[in-house]
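I have placed the structure first, in the form of structure tokens, so that the comments after it can refer back to it.
Coordinate-derived values only; no laboratory data. Remember, it's a predicted structure, so these values are computed and weren't measured experimentally. Cβ placement follows ideal geometry from the backbone for every residue including glycine, while neighbour counts extend to all protein chains displayed.
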Amino acid sequence: MTKLLAKISRLSSLVILVVAAFTYCSAQTNNAAGTDLRVRVVDPNGAVVVAAKVQLKTSTGKTEERTTNARGEAVYTGLTSGEYRLEVEATGFSAQHVDSVSLAAGHNQLDVHLEVLGVEGEVNVAPDERERALDPRGVAFSNVITGEQIAQLPDDPEELARALQEIAGPGSIIRVDGFRGGQLPPKSQIKEIRFRLNSYASEYHEVGFRSVDITTKAGVEDWHGSLNFGFRDEALNARNPFAPRRGSEQDRRFAVTVDGPIWRNRTSLFISANNTQTYDTKTIFAAVPQGVFTEVVRRPLRSLNLSARINHSLSQTHTARFEYQRNANVRDNLGIGDFDLPERAFSTTQTEHILRVGESGVLFSKWLNEIRLQTRWQTRATHSASDAPTVVVLGAFTRGGAQVTSDARIFDLELADNFDFGFGKHSMRAGMLLEAATYRSAETRNANGTFVFSDLAAFNDARAITFTQRVGNPSVAFTQYQTGFYWQDDYRWRKSLLVSFGVRQEAQTNVGGKINLSPRFGVAWTPHASGRVTIRAGAGIFYDWFAASLYEQTLRLSGERQRDLIVQFPGFPDPHSGGPENTLPPSRIQLAPSVTLPRATQLSISTETRLNKGFQLTVEYRLQRGSHGLRSLNINAPAKDSERPDPSAGNVLQLESSASQSFQAVFVNLSQTLPRRRLSWFINYTLSKATNEADSALSLPADSSNLRAERGASLFDVRHRLSAVLNTEVWRGLRFGMIFYGSSATPYDVTTGFDNNGDTVINDRPLGHRRNDARGAGNYNLNARLGWRFGFGKPSEGGSSPAGRLVKVSRNDPFGGIAGGSESHRINVELYAQVSNLLNHGNLINFSGVQSSPFFGHATAAQPGRRVESGLRISF
């Protein structure tokens, strides 16, 4: 298998090199003589604008049109010297034109600066508003965060990822330059963050909420760098409501970035390093025989993330990028907290190496192609502080060792290609995705067994319900492949009407059903010439992958490698003192022959309205129905007052594709951007309802003979969600940002705490209760950031073109904007204070649903209280 993946990797690399060599040689041939023009399009912050439309017109009226590439450049070759007229349009920007462009023999370069739409009072050429509203590749199908808004987001990559997922909604996928996984880049290297709303584009695998696409800067013309220091301790923190005292915490973060040209106007280098030394505290809130036990335990984390990225212009129309990441972290004292006492601790060590290669550019003068390859090597190790037998008293406490030792090695490869082409009114995109992975792991878990007691009284009387123990060979090795192919056509029927249709085919090994066609359809209509109102509707089918971790469990616990031994009503502390007749035959997990990929059908309708004074209102209704969902059934559970169907086996958990789910929601988004006042904000509100038949693929029903009772609220059934973001410049260089998240209560399950039906699975519910029919408490968080930026020294003048004349070259502002309306300085300094949970709201979580628990119906934990971080960033 390793040899096969190596061949695939070499073949992918060969494809990239052949395409690069072909396009490079072609460009060199075309540029051997004559007059050339390179037009570079940038926004007010100096960041390049991709997919801008550039028209070059001669005095005779002949027009040549180009689209800017990943470096924001449109290249014209084989021209003659003379006078030309240039027009540039880009979605979200005011169109610009240059009446007289004089080209001399040789290479010429022109930089065109676009202003954000609405900033300039006088615009010479305006794009058609209806076309702008229906552009599937533009901002009409996405919300974009750039500049000052990015600057106000958290500096720590993990905190930044959490903040983006909170804004985007549950289940959102984050991509960086099209790649998934790995660490997010430093904010100084991010060009824009785009929340995509085009749910029915066939290029996307995922269904549901918004996806988050992060685009890094394509190139720089001078050497820049930044140093970032962040610090937090318990001095200004608030005490957790469930902690006996304020726990000691500390967070020390240091980050450095360096980027610049190693071959001017051709090759740029980006380097970053992020080191974190931190520890927080976790609260223990448990009921032990002596009474209520509360404690705070320190949880250290050490991480070091390194990355290097090279962007290289293979030719005037093709760009390649190469990136390497090494991310490593060590976490201690995991597994402690809530009901778990200190001896339950375990530690993890994770290391991953990521290599990414990508190439994009123009083919055959007007078509675009992007190919990317990612390979990743991961190692994960887990070690327990103790391997002593575990004692679980439901809803009260858990003591004993974590009993887990594991070593996993994963190698995965991702190869993707996207090809944009068009004919007349048809704008098409086609592509493919190939993912392959090998998994090798050895996991020893629960080797010394676990006792389960229904309540404290049963523990005091040594009356355990069950004793479970896992035995056998812990080693597993397997491979998994998954592929996807798609085609999409965006047909502009009229200037006011866009019709999109496409299809995607996906398949995966280790499960049945290799034909999984996903037709998608969408329509967008702007009834008015102003383009202020846009109505969208769409429908499509989506499939979900079968997780490798699930397949791994079916291999490991097949009854041949490993198996679970279960003793009913065991003795304590010797489980076998109760008699051999209480020991069941070995239990196992198996995969049903009919397992297929889960499927979801979704439809939606929305309206977007651009109001006066920069307001924009979006309202959307979405309905989703799911089938072939994964869940487990105990097919060897004993019927009432009878034996098991197969007396030679214990519990047989069969993983099936038999669950269904439904989701419906109303989304409301209101936003406003006032560039002159340096103010932007948006509010997202969601009213939703989600139901399903299983909490997870391996969760079992309370009663296998009554599956209708399993239809209930999903664990993610949060009826109300509200998020809001505000960014503004209070005074020259003084910026304020605020992020609010709020949600209504999440559901939880109510159980008796006893094995009422004798199947040894202690999830029985009281009469009259359905799954997840209890609710906890609503939560909200208000995070704020105040930063003051100042600088000194004159800014650099930028680079120059290799030959010919240079009109103007801009410099990227590493802070994502211009402070106080003046130009950036050579050295910029920012001091900031960042507060999470500013109002110190007690967000209660982990409500106990066990009726035998002394905490039944009450929360046993809370999210962290107020935390204050201060920091310093120096950019040069």
Loop-located trypsin sites (Lys or Arg not before Pro) in region 609-676, at most 13 other Cβ atoms within 10 Å (DSSP): Lys640
Label-point separation in nm, Asn612 to Phe293, each point 7 Å along Cα→Cβ: 6.7 nm
Peptide ranges 498-508, 299-309 listed from the most packed, as the mean C-beta count within 10 angstrom indicates: 498-508, 299-309
Gain upon complete extension [Ser870, Phe419; 0.36 nm per residue less C-alpha separation]: 157.8 nm
Shape category assigned to region 450-552 from the gyration tensor of Cα positions, a/c cut at 1.5: oblate
Cα centroid separation, region 278-314 to region 591-631 (Å): 34 Å
Of the trypsin sites (Lys or Arg not before Pro) in region 739-787, those whose Cβ has at most 14 other Cβ within 10 Å and which sit in DSSP loop: none
Distance (nanometres) between label positions extended 7 Å along Cα→Cβ at Ser696 and Asn448: 2.4 nm
Whole-angstrom gap from region 396-459 to region 499-576, using each part's C-alpha centre: 13 Å
Theoretical gain in end-to-end length, Gln277 to Leu722 [0.36 nm per residue, Cα-Cα removed]: 156.9 nm
Within region 521-559, backbone nitrogen closer than 20 Å to the virtual label 7 Å beyond the Cα of Trp487 toward Cβ: 521-523, 539-543
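My understanding is that a pair violates if its Cα-Cα distance is over 30 Å; which of Lys366/Lys495; Lys191/Lys514; Lys187/Lys366 do that in this structure?
In this structure, Lys191/Lys514; Lys187/Lys366 exceed 30 Å between Cα atoms.
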For the chain, with +1 on Lys and Arg beta carbons and -1 on Asp and Glu, the positive-most of Thr351, Ala462, Leu304 along the dipole: Leu304
Residue-by-residue Karplus 3J(HN,Hα) for region 846-863, coefficients 6.51, -1.76, 1.60, Hz, glycine and proline x: 6, 6, 7, x, 8, 5, 7, 7, x, 9, 3, x, 10, 6, 10, 7, 8, 5
Dipole of the chain [Lys/Arg +1, Asp/Glu -1 at C-beta], most positive-end residue of Tyr780, Tyr486, Val567: Tyr486
The chain, relative contact order [Cα under 8 Å, separation at least 6], %: 10 percent
Trypsin sites (Lys or Arg not before Pro) lying in DSSP loop within region 330-378, provided at most 13 other Cβ fall within 10 Å: Lys366
Cut-off 11 Å between beta-carbons: net charge of the residues surrounding Ile605, Lys and Arg +1, Asp and Glu -1: +1
Spatial separation of Cα centroids for region 715-743 and region 364-386, in angstrom: 31 Å
Chain lengthening between Ile310 and Thr58 when straightened (0.36 nm per residue, less Cα-Cα): 87.0 nm
Distant-in-sequence amide H partners of Ala774 (H built 1.01 Å from N, under 5 Å): Tyr748, Val750
